[in-house]
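Participant: There's a structure below that I have some questions on.
Readers should treat all values here as calculations from the given coordinates under stated rules, not as data from a laboratory. Just so you know, these numbers come straight off a predicted model, no measurement behind them. Every residue, glycine among them, receives a Cβ derived from its backbone with ideal geometry; neighbour counts consider all protein chains shown.
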2 protein chains.
Amino acid sequence: MNGSELLSVGEVARRAGFATSALRYYEGAGLLTSTRTAGGQRRYPRSVLRRLAFLRAAQSVGLSLEEIRAALSSLPAERTPTKADWERLSRAWRARLDEQILGLTALRDGLSSCIGCGCLSLRRCALSNPDDAARFDGAGARYLPAALRRPAPRPDGMPA
Amino acid sequence: MNGSELLSVGEVARRAGFATSALRYYEGAGLLTSTRTAGGQRRYPRSVLRRLAFLRAAQSVGLSLEEIRAALSSLPAERTPTKADWERLSRAWRARLDEQILGLTALRDGLSSCIGCGCLSLRRCALSNPDDAARFDGAGARYLPAALRRPAPRPDGMPA
DNA sequence: GTGCAAGTTGAAGTGCACTTGATGTCAAGC
DNA sequence: GCTTGACATCAAGTGCACTTCAACTTGCAC
């Protein structure tokens, strides 16, 4: 019932399933904070476990550490995040997850309906329409949501 | 109606939304093949566009080039893949996509039901149960499908 | 038949997300 | 109070997926 027992890196690493080196890396990257003992060793509050659970989940859906850092920065650093804190975060991410789920569903269904269909007009394909992606238009149905059209690591044509 | 017009790298890059350097890289990695002109320039059949569409889509759902290479290797290198070829690939991937969709849905719903719930027993959490992930048990409900529990880049304890 | 954009190769560089190694300090058990 | 394992920092290394660079060649348009 005592909420003030602090965890060492090793303890957190074990409980959260990360390497200690990763935890130190996350701290350097601004995703985690810790207090220190007199001797300089890290001590974490329990809430770091939830933070790490979120981090892991977010990574799994393909978000970069920077994106996750931005999201987590909306959590209070000092006090333990409340239900309301997490719910706010949850709402913000729901849209993204919805989009991603939609995209995957389209992809799954598209695998038979489009890629498997034998149609040769790739340009109208639901799965990947790079011409559309490259264009800056807003018109026309977007089959694959933006989340799944990963920004095509700089095609030659566009030096921006 | 002539199926034999070949495309240059630049053409393919433009149409598929990749950089030419990426196309050469993919060829080196065994994901693409090309014929050459007398002068040594690459020429691609139209079917490469579909291949690239698949590649992009697969990347978007988080698959490595190696996994994609393995999948694509089941396509005939010489003749243009048929509807049946793509459908076979499609079937093989459907399970993976289903799993990923399931996982994302669980994650989305879990964001309010678990992370947002205020419950402190992270160990029973649907979102991330690293203890379970670390354990080699088969018992108990797995909330997050394997596809979403990315293999936790080697936690300290396990040197394997 | 020539000019020049587009193509070629190989080696090296980039960014992300970490891990590994060297070297030294801390703290809990005996 | 000493040993031992966990912890500290910092620099360098790793793997993936590309991109960039330098130096040179091709091939279509005129």
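Participant: Any idea which of (1) surrounded by fewer than 19 Cβ atoms within 10 Å (Cβ to Cβ); (2) more than 13 Å from DNA strand D (Cβ to nearest atom) is the one B:A53 doesn't satisfy?
Facilitator: Among (1) surrounded by fewer than 19 Cβ atoms within 10 Å (Cβ to Cβ); (2) more than 13 Å from DNA strand D (Cβ to nearest atom), the lone unmet condition for B:A53 is (1).
Participant: If B:L31 meets every condition in (1) buried (at least 18 other Cβ atoms within 10 Å of the Cβ); (2) more than 13 Å from chain A (Cβ to nearest Cβ); (3) over 14 Å from the mean Cα position of the chain (by Cα) apart from one, which number is that one?
Facilitator: For B:L31, the exception is condition (3).
Participant: Got at least one residue in segment B:1-8 being under 25 Å from A:R108 (Cβ atoms) and within 13 Å of chain A (Cβ to nearest Cβ)?
Facilitator: No, there is no match, as no residue in segment B:1-8 is under 25 Å from A:R108 (Cβ atoms) and within 13 Å of chain A (Cβ to nearest Cβ).
Participant: From A:A84, A:A19, grab the single residue that is within 12 Å of another protein chain (Cβ to nearest Cβ) and away from DNA strand D (no atom under 15 Å from the Cβ).
Facilitator: Working: A:A19 fails: away from DNA strand D (no atom under 15 Å from the Cβ).
Among A:A84, A:A19, only A:A84 is within 12 Å of another protein chain (Cβ to nearest Cβ) and away from DNA strand D (no atom under 15 Å from the Cβ).
Participant: Could you pull out the residue among B:E99, B:E11 that is among the acidic types (D, E) and within 30 Å of A:A57 (Cβ to Cβ)? Working first, answer last.
Facilitator: Numbers: B:E11 fails: within 30 Å of A:A57 (Cβ to Cβ).
Of the residues listed, the single one that is among the acidic types (D, E) and within 30 Å of A:A57 (Cβ to Cβ) is B:E99.
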